[in-house]
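Written out below as structure tokens is the structure these notes cover.
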Amino acid sequence: MLDTAKETYQTAGEPFLDEPKMRVRNADVFYADKQAIFDVNIDIGKNEVISMIGPSGCGKSTFLRCLNRMNDTIDICRVTGELFLEDQDIYDRSIDVVELRARVGMVFQKPNPFPKSIYENVAYGARIHGLTDTKVELDELIEKSLHRCGLWNEVKDRLEEPATGLSGGQQQRLCIARAIAVNPEVILMDEPCSALDPIATATVEELIHELSENFTICIVTHSMQQAARVSSRTAYFHLGKLIEVNDTSKVFTNPEHQLTEEYITGRIG
Amino acid sequence: MNEDVMVGGHISRQYDEELDEIRSRVLQMGGLVETQMDKTLDALREDESDHIVDVEKLDRKVNKMEMLIDEECTQILAKRQPAAGDLRLIIATSKSVRDLERIGDEAERVAHMVRNAMDNQISKKAFKGLLSLGEQTKELLHKTLNVYARMETRKAVKLMRKDQEIDDEYSRVVLRLIEYMKKDPDNISDALDVMWAARSLERIGDHCINILENVIYLVEGEDVRHTGIKEIKRQLSNSD
């Protein structure tokens, strides 16, 4: 901790839920001695799609990466506060981070398939986590994961071909298939459509909607229209503070906080 | 203007200008409709057919304004995907211009009744009370347009009470017309004409209330249609 007095911040709207999937209290994030996130308090509901929006540098991606400890990979990054996945403190020393990231998967901005076959990309996580015992079981898991992502019919005849040969949209759906193959509880998506064309974006958004039946999804997006389309709740970040959390329908028609209003109406960028 | 309602300040100044233009056009359209109402009452007062011609001319302008503003709202929805206060401005504007256009139609209907009365030399007795109803309606329209221009929600709620006064005046006019018809069945045809005109004036009051509700929606984000005044006050105090 820094020696400075801890700053508190009251978020507008309804950041808390009954029986949340994830619970964050008084979260601060520092890069060396520079504070990037200030006293974030929020619940993430089971099987909800929640979007994190805000101007560049507001801390939304930094916050997202706290939820599966991706920030651990940055030496100078330090996270304080309480972050729980159900009853488990995800920053507890006893936590196996690899296991945590299987429970809280991640999809990145740029599709990043491994330089392997389509089949091997999806099989990778299942293999390292020992999720299947036989080749038949693994085949079934891969087919199911690709089906869920609407990719199966497009790739079933070329499973052994390199994943890098797929289109951008297909690659991103493959990355989502790879994430869900290990049966996570939460999927974090960091601007998953910003490298895709509008058609591929629509396909991924449709997929997000379908996946929300079984998974909790947190999505960081620069596109406010995307947040409005895909999420049921929206969180607005500004200069490292969580300004407002509310139902998406409220945020886009009648936000509570002036800063939220100014951002979503295009008055601050 | 209420400081809760922002039109300017967007990163895109062109967007500011587009929204500003829509707001000005609504006020301009409101001015035309108000003039229509003035001319209609002048016609009623003075039996002067020139006024009726003016009302008809203005109605054509009002209709064009409605289409123009609607088109501008459509363009903003398509190109800008407005949200929050901007979205509410577009929705409220689109609804309000429809009400304004209908106010224009109702005023024209009254003006046509006056022409018919002049042509058929309908007795002045039949009109008793109509002018007073018209004056009350005109005042409500004038104040409604002021509330719209300044986005004053508290005044909007206060003004909503006026509708009841107009409804009461309308009922009195109707009762008088019934008495007039009872006196002589030959009066029925004339009285029915006047009754339709009174109905039009009463409807203008209802359209003003719709516009006031739109102002509340625009400023507060609260949909207060089909809600009593007490409930509206409660909702507004909750949103403070």
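A:Asp133 - would you say it is assigned to a loop (DSSP other than H, G, I, E, B), on the phi < 0 side of the Ramachandran plot and not aromatic (Phe, Trp, Tyr)?
yes
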Problem set entry | Yes/no for A:Ala200 being in a loop (DSSP other than H, G, I, E, B), touching a Gly at 6+ places or on another chain (Cβ under 8 Å) and of a type in the set (Gly, Ala, Ser) | no
Problem set entry | The one condition in (1) more than 19 Å from B:Gly221 (Cβ to Cβ); (2) facing another protein chain (nearest Cβ under 8 Å); (3) buried (at least 20 other Cβ atoms within 10 Å of the Cβ) that A:Ala235 fails to fulfil | (2)
Exercise. Any chance the range A:241-251 includes a residue that's away from chain B (no Cβ under 14 Å), in contact with a Ser or Thr (Cβ under 7 Å, 6 or more places away or on another chain), touching a residue at least 12 places away in the same chain (Cβ under 8 Å) and surrounded by fewer than 24 Cβ atoms within 10 Å (Cβ to Cβ)?
Worked result: no
For this session: Might you check whether a residue that is touching a Lys or Arg at 6+ places or on another chain (Cβ under 9 Å) and either more than 14 Å from chain A (Cβ to nearest Cβ) or open to solvent by 70 Å² or more (accessible area, probe 1.4 Å) (or both) occurs anywhere in the range B:82-90?
Result: no
Problem set entry | Pick from the range A:151-169, criterion touching a residue at least 24 places away in the same chain (Cβ under 8 Å) and part of a helix (DSSP H, G or I), ranking: most open to solvent (accessible area, probe 1.4 Å) | A:Thr164
Exercise. Given B:Arg161, B:Arg234, B:Arg225, which one is touching a residue at least 24 places away in the same chain (Cβ under 8 Å) and of a type outside the set (Phe, Trp, Tyr)?
Worked result: B:Arg161
Exercise. Counting only residues that are in a helix (DSSP H, G or I) and open to solvent by less than 60 Å² (accessible area, probe 1.4 Å), how many does the range B:119-137 have?
Worked result: 9
Problem set entry | A:Leu100 in contact (Cβ under 8 Å) with a residue 60 or more places away in the chain and within 23 Å of A:Val220 (Cβ to Cβ) | no
Exercise. How many of the residues making up the range A:252-269 are closer than 17 Å to B:Ile11 by Cβ, buried (at least 22 other Cβ atoms within 10 Å of the Cβ) and facing chain B (nearest Cβ under 7 Å)?
Worked result: 3
For this session: Identify the residue in the range B:205-240 that is more than 14 Å from chain A (Cβ to nearest Cβ) and of a type in the set (Gly, Ala, Ser) and, among all such residues, is nearest to the chain's Cα centre (by Cα).
Result: B:Gly205
Exercise. Quick check, is A:Thr216 closer than 29 Å to A:Arg69 by Cβ and modelled with pLDDT of 95 or more?
Worked result: yes
Exercise. Could you say whether any residue in the range A:180-187 is away from chain B (no Cβ under 14 Å), part of a helix (DSSP H, G or I) and open to solvent by less than 20 Å² (accessible area, probe 1.4 Å)?
Worked result: yes
Problem set entry | Single residue of B:Glu72, B:Glu46 found to be modelled with pLDDT under 95 and either in contact with a strand residue (DSSP E or B) (Cβ under 8 Å, 6 or more places away or on another chain) or away from chain A (no Cβ under 14 Å) (or both) | B:Glu46
Exercise. For the range A:217-232, which residues satisfy the criterion of being of a type in the set (A, V, I, L, M) and more than 14 Å from chain B (Cβ to nearest Cβ)?
Worked result: A:Ile217, A:Ile219, A:Val220, A:Val230
Seminar exercise, completed: Among helices (runs of 4 or more DSSP H) entirely within the range A:24-130, at least 3 residues that are open to solvent by less than 60 Å² (accessible area, probe 1.4 Å), at pLDDT 95 or above and in contact with a helix residue (DSSP H, G or I) (Cβ under 7 Å, 6 or more places away or on another chain) occur in A:118-128
Problem set entry | The one condition in (1) buried (at least 19 other Cβ atoms within 10 Å of the Cβ); (2) under 27 Å from B:Ala156 (Cα atoms) that B:Arg25 fails to fulfil | (1)
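The values are calculated or read from the model by the stated rules, or taken from the named source; none is laboratory data. Only a predicted model underlies this, so the values are computations on that prediction, with no experimental measurement involved. Glycine also receives a Cβ, built like all others from the backbone with ideal geometry; neighbour counts cover every protein chain displayed. Ligands, DNA and RNA are excluded from the accessible area calculation, which covers all protein heavy atoms including side chains. Shrake-Rupley method; radii C 1.70, N 1.55, O 1.52, S 1.80 Å.
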